[in-house]
Structures are given as C-alpha cells and as structure tokens.
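Asks: Before we start, here is the structure in question, set down as structure tokens.
The values are calculated or read from the model by the stated rules, or taken from the named source; none is laboratory data. All values reported here derive from a predicted model rather than from experimental measurement. Using ideal geometry, Cβ is built from the backbone for each residue, glycine included, and neighbour counts are taken over all protein chains shown.
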Amino acid sequence: MAHVFEPAASGRSKCRACGLALRRGELRFGERLPNLFGEGDMTLWFHPRCAAYKRPQPLLEALTETTLEIPDRPALERIARGGAAHRRLPRIDGAERAPSGQARCRHCREPIERNTWRIRVVFYEEGRFFPGGFVHLACRAGYFETGDVLDRLLDLSPALAQEELTALERACIDSENTNK
Ligand SMILES: [Zn+2]
Ligand SMILES: [Zn+2]
C-alpha cells in the first residue's frame, strides 16, 4: 500500500486539498489508504505541494521511496517537515478577511472582528477535510505552536489578489511587533 507519484493520466481528477484540477501530465501525489467504503485500497490525489502542506507524513514517506525525479523536492521536504514537526500546521487552509464579526477564534474564543484577518482551519479525517473554524492572525503562534506560518498563509490563499497578499504580510509583521 505504498503512496505514489505519477503523472496525471487525464485532466479529470481533482486535488483533495485545494479542490482544483490536476492537469493532464502534471505530476500528482497519491495517498493510499484502506478503502473506507469497501474492500481494497483507495487513492487520494493531490498536487505535491498541497500534500506537503496538508498531508506531510505520507508525502515524506513517498519522497523517501520514490525513484522519480520530483520537481521542487527540497521545497516540498521543507514544507512537509514543518508540518510533521508541528501537528497543527497542516490544519492551515489559508487566510481571509472576516466577512462578518460572528466567528470566534479557536484559540482565544474571542470574536474575530469584521474585516480583520483570520486563518482558516480545516481538519483531516478519513480522506476528507472538514471546515474547522478560524484563528485570529495574532493568535497564530499560540494556536499553531509556531509563529512561522506566513509562507503557508500566502501560498494557501490563491484567491487573494497581490495587494491583499501584501496587506496580509504587513498584518503578520505588525502583529508580531505588538506581541513583543
Ligand atoms: Zn491542490
Ligand atoms: Zn484569538
């Protein structure tokens, strides 16, 4: 039941983590697990980078075993090692501005003010990712047990325009300064 890397045979499969298509011919990562709905195995497909963020352990196992040339291998390893070392990091699903003031932070339990940055959290269970609420940007070190999350936030927020990414980066730096 080894995990695999292989080029996508068609353009029809979707990445489990980000939901976007795995383009035909593009290298994809397959996490193998026992079929939850019947006999045999099932394979969950990911962009390798998405798997490095969201499924670090299986990706690291596959990197050790594969004989293929993996593009961006050092970056994938670095991302996955971070997630393997800090168990909550793979829960990060990106950042966004709170559209309302209704959600509470998973860490401090205080409301997250409208229009301020919040980190989306997802939980992995049996082959699926479930929405797990939000964390204040300023609570990131407390909740994720490491303050080193900015690269993840930027990379996992493809919906944000460049100026929003810059604003997010600035907000990260500002909240670091106020914590000191
Ligand atoms: Zn993906
Ligand atoms: Zn908080």
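Asks: Within the bounds of the stretch 16-28, is there any residue that is under 24 Å from residue 87 (Cβ atoms), more than 11 Å from ligand 1 (Cβ to nearest atom) and surrounded by 12 or more Cβ atoms within 10 Å (Cβ to Cβ)? Talk me through it step by step, then tell me what you get.
Replies: Step one: filter the stretch 16-28 for residues under 24 Å from residue 87 (Cβ atoms), giving 16-19.
If we keep only those that are more than 11 Å from ligand 1 (Cβ to nearest atom) too, we end up with none.
Checked against the condition, which is being under 24 Å from residue 87 (Cβ atoms), more than 11 Å from ligand 1 (Cβ to nearest atom) and surrounded by 12 or more Cβ atoms within 10 Å (Cβ to Cβ), the stretch 16-28 yields no hits at all.
Asks: Can you pull out every residue in the stretch 73-106 that is more than 16 Å from ligand 2 (Cβ to nearest atom), touching a helix residue (DSSP H, G or I) at 6+ places or on another chain (Cβ under 7 Å) and under 21 Å from residue 168 (Cβ atoms)?
Replies: 79, 82, 83, 86, 89, 90, 94
Asks: Now for a separate question. Please state which of the following conditions residue 123 fails to meet, knowing it meets all the rest: (1) over 24 Å from residue 58 (Cα atoms); (2) within 18 Å of the chain's Cα centre (by Cα).
Replies: Here residue 123 meets the rest and fails (1).
Asks: Residues that are modelled with pLDDT of 95 or more, farther than 18 Å from residue 150 by Cα and not in a helix (DSSP H, G or I): does the stretch 55-64 have at least one?
Replies: Yes, there is a match, as at least one residue in the stretch 55-64 is modelled with pLDDT of 95 or more, farther than 18 Å from residue 150 by Cα and not in a helix (DSSP H, G or I).
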